[in-house]
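The values are calculated or read from the model by the stated rules, or taken from the named source; none is laboratory data. As the structure is a prediction and not an experimental result, all values here were calculated from the model. Please note: Cβ atoms are built from the backbone with ideal geometry, for glycine as well, and neighbour counts cover all protein chains shown.
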Amino acid sequence: MTEQTVEEATDHIVQAYFSQPNYWRIEGKPYFSIYDLMTLVKGLGGLERIKAALDRFREKARRRASWNPH
């Protein structure tokens, strides 16, 4: 797994799913969970790298929410 793969996946998730009006939300925010976090951490190369990737994912979701508040 590469950072490029994670970026492409999170771009797709934000664009294709978070914009759907029927996407599950909690307190107005889209819900997303990772089934096997440690596999993701190991695949990306450690906690610092996955934290940075998840921070970027959150920022993408925030930006999308400001464009389309569904």
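Values computed for the structure shown
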| quantity | calculated |
| --- | --- |
| Flag for Ala61 being more than 10 Å from the chain's Cα centre (by Cα), surrounded by 10 or more Cβ atoms within 10 Å (Cβ to Cβ) and of a type in the set (A, V, I, L, M, F, W, C) | no |
| Exclusive hit being among the hydrophobic types (A, V, I, L, M, F, W, C) and at pLDDT 90 or above, set Ala9, Ala65 | Ala9 |
| Per-region count, segment 14-50, residues within 19 Å of Met1 (Cβ to Cβ), of a type in the set (D, E, K, R) and exposed (fewer than 12 other Cβ atoms within 10 Å of the Cβ) | 2 |
| Counted residues, segment 16-70 - those being of a type in the set (Gly, Ala, Ser) and part of a loop (DSSP other than H, G, I, E, B) | 5 |
